[in-house]
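The values are calculated or read from the model by the stated rules, or taken from the named source; none is laboratory data. Note that this is a predicted model, so its numbers are computed, not measured. Here the Cβ positions follow ideal geometry from the backbone for every residue, glycine too, while neighbour counts run over all protein chains shown. With ligands, DNA and RNA removed, areas are computed over all heavy atoms of the protein, side chains included. Shrake-Rupley method; radii C 1.70, N 1.55, O 1.52, S 1.80 Å.
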Amino acid sequence: MKVNSGRKKASGFKNAKNAYPVGDFAIDDILAGIKDGKFKGKVEQLRNIKDKNAYAEAKINFPSVTVSGTFSQRNKKCLIKHSGLICLDIDNLDYVETVKSTIKKDRFVYAIFTSVSGKGLAVIVPIEPD
């Protein structure tokens, strides 16, 4: 199944603690930023934190998006418009690049990238919204 991106949007949040979005962003622009290394510095900074507690605190303060759509608040009851996409998180992989190269060949994968931790994958796939 191929997805017509049609400027699908996601809400962006300052961090995981914030309930209210800072704005809505085109998903393809976010993915282009990931591919082009726009967020690389912040990601590397986070990955270099060795203390488990400090890492957890820094990660919770990392900017995030709701790939599944736009929201007035980070709450499923506050969905404004569904994007027709969902992000699957696969954590704690021993062979991230090997798994990534296998999964990205699947015809249902809209996008795939290495997670912020560097030890997992974020796999975006199309779904039929309710």
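Data for the structure
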read-out: Rg to Rh, two decimals, where the chain supplies the alpha carbon set and Rh follows Kirkwood; value: 0.96
read-out: Accessible-area value, LEU88, 1.4 Å probe, nucleic acids and ligands omitted, Å²; value: 80 Å²
read-out: Probe 1.4 Å, protein heavy atoms only - accessible area per residue of the chain in square angstrom; value: 68 Å²
read-out: Whole-Hz ³J(HN,Hα) from phi, Karplus 6.51 cos²θ - 1.76 cosθ + 1.60, for region 46-54, glycine and proline x; value: 5, 5, 7, 7, 8, 6, 4, 5, 5
read-out: Value of relative contact order over the chain, rounded to a whole percent, pairs C-alpha under 8 Å and six or more apart; value: 25 percent
read-out: For q = 0.16, 0.22, 0.23, 0.26 Å⁻¹, Debye-computed log10 I/I(0) when each Cα of region 82-130 counts as one equal scatterer; value: -0.43, -0.73, -0.78, -0.93
read-out: Net charge dipole size for the chain [Lys, Arg +1 and Asp, Glu -1 on Cβ; Debye, nearest 20]; value: 200 debye
read-out: Label-point separation in nm, ILE49 to VAL109, each point 7 Å along Cα→Cβ; value: 2.8 nm
